[in-house]
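Asks: Starting off with a structure, shown below.
None of the figures in this text is laboratory data; all of them are computed from the coordinates on show. From a predicted model like this one, the values you see are computed outputs, not experimental measurements. Cβ sites come from the backbone with ideal geometry, for glycine too, and all protein chains shown count toward neighbours.
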Amino acid sequence: MSEKRKIIVVDDNIDLGKITKEILSRIGGYFVIYCDSAASALSKIQYEFIPNLVITDLQMPIMNGLELTAILKEKIPDLPVIILTGRPGLVPKDSPADLVIEKPYLVEQLLEKVKKLI
């Protein structure tokens, strides 16, 4: 039996982050870790495991989703990253993210995009 694909969800909005985690784990069948900050996600990746995908909110305090994505891509260039945002116009065209999904998202849309990336 193959190992479950691992995803880290990063969102400073705990409710939204946990909802996204539940969708991906219960419906998608993925192993999902939720982090409430970019720093927490970087720590998990550095000390615990390398995920198959990172899904991050764009607007977060201290370090935003674009900054997190840039750091991740520098350390692990082929790690897919999805940015979730209610304001997609804030994501530059040359963003290092593999995909931008506008919030609110449809569950089916999220699962389809995740499956394509991992």
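Asks: Net charge near I14, counting Lys/Arg +1 and Asp/Glu -1 over other residues with Cβ under 13 Å of its Cβ?
Replies: -4
Asks: In square nanometres, what is one fourth of the surface area of the convex hull spanned by the alpha carbons of segment 1-58?
Replies: 3.9
Asks: With r as the distance between the Cβ atoms of L106 and Y47 and R0 = 25 Å, compute the FRET efficiency 1/(1 + (r/R0)^6) and round to 0.05.
Replies: So the FRET efficiency works out to roughly 0.15.
Asks: Then there is this: Give me S25, S43 ranked fewest to most by other Cβ atoms within 10 Å of their Cβ, as a rough exposure proxy.
Replies: S43, S25
Asks: Rank these for me by crowding, T69, T85, going from fewest to most other beta carbons within 10 Å.
Replies: Lowest to highest Cβ neighbour count: T85, T69.
Asks: Here is a further query. So what is the relative contact order for the chain, in percent, with contacts set as C-alpha pairs under 8 Å and at least six apart?
Replies: Relative contact order for the chain comes out at 23 percent.
Asks: With +1 on the Cβ of every Lys and Arg and -1 on the Cβ of every Asp and Glu, and nothing else charged, how large is the dipole of segment 6-117 about its Cα centre, in debye rounded to the nearest 20?
Replies: That gives segment 6-117 a dipole magnitude of about 240 debye.
Asks: Name the lysines eligible as straight-distance cross-link partners of K113: C-alpha to C-alpha under 18 Å, and not fewer than 8 places from it in the same chain.
Replies: Candidates past the 8-residue exclusion: K4, K6, K21, K103.
Asks: Here is a further query. Relative contact order of segment 78-118, please, whole-number percent, based on alpha carbon pairs below 8 angstrom and at least 6 residues apart.
Replies: 42
Asks: Pick the calculated Cα extents along the principal axes in Å for this structure from [x] 43, 26, 19; [y] 67, 39, 22; [z] 39, 32, 25?
Replies: The value matching this structure is [z].
Asks: Which ³J(HN,Hα) values in Hz, rounded to whole numbers, follow from the phi angles of segment 21-38 under the Karplus curve 6.51 cos²θ - 1.76 cosθ + 1.60, where θ = phi - 60° and Gly and Pro get x?
Replies: 4, 5, 4, 5, 7, 6, 8, x, x, 8, 8, 10, 10, 9, 10, 8, 7, 5
Asks: How large is the helix-only mean residue ellipticity at 222 nm for the chain, computed as the sum of -39500 (n - 2.57) over DSSP H runs with n ≥ 4, divided by its residue count, in deg cm²/dmol to the nearest 500?
Replies: That comes out to -10500 deg cm²/dmol.
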